């Protein structure tokens, strides 16, 4: 995949799914293609790999939320479909970060932003987002940054 864009990789996978008659995979990949195309049409420009990753990350979050709601409602059949779609989308995402890797990136971003307290959270998140997008849940990142910055607040006082 190194020489292909993410959009091309998804397009090739759609063709493969059609050949293998894998309806779930085909439907999920077509949804991803459609979401990317819609943004390209709306903004009248081609999306790069980072922006396509952001679209896929948003789709993953939507499916995670929907699966949780379906499980709460006792609709395991629908929750299972959402989870199956998540597996397909996950194939196109970069490798997930370990907690240690994430902690290191957070420390570096805090240092780079010269962050000293919670007021610097936005600048720290701004530095982190491009590095972690699609590799870890942004809510989790936000919580860890908040914790790290509140510890720094305590050290300064």
Practice prompt. Return yes or no: is residue 145 crowded, with 18+ Cβ neighbours inside 10 Å, outside the structural domain of residue 13 (by TED's automatic domain parsing) and either in contact (Cβ under 8 Å) with a residue 40 or more places away in the chain or in a helix (DSSP H, G or I) (or both)?
Written response: yes
Practice prompt. Filter the range 109-119 down to the residues that are in contact (Cβ under 8 Å) with a residue 24 or more places away in the chain and not in a helix (DSSP H, G or I), then identify the one that is surrounded by the most Cβ atoms within 10 Å (Cβ to Cβ).
Written response: 115
Item to complete: Please state which of the following conditions residue 44 fails to meet, knowing it meets all the rest: (1) touching a helix residue (DSSP H, G or I) at 6+ places or on another chain (Cβ under 8 Å); (2) under 22 Å from residue 5 (Cβ atoms); (3) modelled with pLDDT of 90 or more.
Response: (1)
Worksheet item: Can we say residue 106 is over 21 Å from residue 35 (Cα atoms), part of a helix (DSSP H, G or I) and in contact (Cβ under 8 Å) with a residue 24 or more places away in the chain?
Response: yes
Worksheet entry | Among (1) surrounded by 14 or more Cβ atoms within 10 Å (Cβ to Cβ); (2) modelled with pLDDT under 90, the one test that residue 78 misses | (2)
Discussion item. It is to be established whether one or more residues within the range 94-101 are within 26 Å of residue 128 (Cβ to Cβ) and surrounded by 15 or more Cβ atoms within 10 Å (Cβ to Cβ).
Written reply: yes
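The values are calculated or read from the model by the stated rules, or taken from the named source; none is laboratory data. Only a predicted model underlies this, so the values are computations on that prediction, with no experimental measurement involved. Neighbour counts are summed over all protein chains in view; Cβ atoms, including those assigned to glycine, are modelled from backbone coordinates with ideal geometry.
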